Every structure is written in C-alpha cells, then in structure tokens.
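Heads up: the structure comes next, in structure tokens.
The values are calculated or read from the model by the stated rules, or taken from the named source; none is laboratory data. Bear in mind that the values here come from a model prediction, so they are computed numbers and not experimental data. Positions of Cβ are backbone-derived with ideal geometry, glycine not excepted, and every protein chain shown enters the neighbour counts.
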Amino acid sequence: MNIRDMTDTQVYELGLEILLDKLGRAGTIRFLGQCEPPTGDYTAERHKWLDGLDMETIMQGIQDLREKKQEGPKNKSPKDISEMADIEVYRFGLGVISGKLGLSGQLRFLRQCKSETENCALT
C-alpha cells in the first residue's frame, strides 16, 4: 500500500478500517469524537453515533469485544478500551494509524477528519 498514491478520502476510509479493527466501533466513535469539538447536545450526538444500530448489533459488538479480550494481549492496547480515558483512546488510535499509514498518512487522515466534521461519525 502506497499512501502517496491514495486520495485523501481513501486514506480516511482506510484509517477508519484500521481504527475499527483495533478499537472496535465504540472505541472508534470515542476516537472520532476527539476530532471534532463537542456541540454540547449529547443526545443529538449519541443519536448520530448510534444511527442505524439496533440493540442486537450493539450487544454483538460488546460480545466481540469480550471475545477479543479473552484472546490475549496480541496487537491490543495496554488495557481494555472501556477502561481508558478519551485522551488515552485518542493517543492509542493515533499510534495505530501512524503504525499502519506512517506519519504522513496519519496527518492526512486527521486533516480529512477535521475538515469533514459531519463525516467523522461512522456511517
């Protein structure tokens, strides 16, 4: 994968895939929440983040996280995502993106995320 040959949108989408793989959906949402300033309307933000999710999908995500936790520490964060503060999730996510995309890919991902704050939530 050559980041230089990718468009900003492709880098952004790849970054989302990397975050979803390492942080899960909830961790990715927390990471992306750091990309955009909060509106103060947390009910609206929560609805935007959970749009299209039903209880079964949410429960499956929780079960998947539990199974990953039982697999052991390979390629995982030093502690469970649910035990991390938002800034720790953000720093861990930055490290994961940088490790996969390099520093220039990380910067392009963040620039795209910040420039399209409407698209920072998972779709």
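Observations on the structure shown:
- Among the helices (runs of 4 or more DSSP H) confined to region 30-123, the ones with at least 1 residues that are modelled with pLDDT of 80 or more are located at 55-71, 86-115.
- Contacts under 8 angstrom Cβ, first residue in region 17-32 being surrounded by fewer than 21 Cβ atoms within 10 Å (Cβ to Cβ), partner of a type in the set (Asp, Glu), 6 or more apart: 24/64
- Any hit, region 4-20, residues being modelled with pLDDT of 75 or more, part of a loop (DSSP other than H, G, I, E, B) and over 22 Å from residue 86 (Cα atoms): yes
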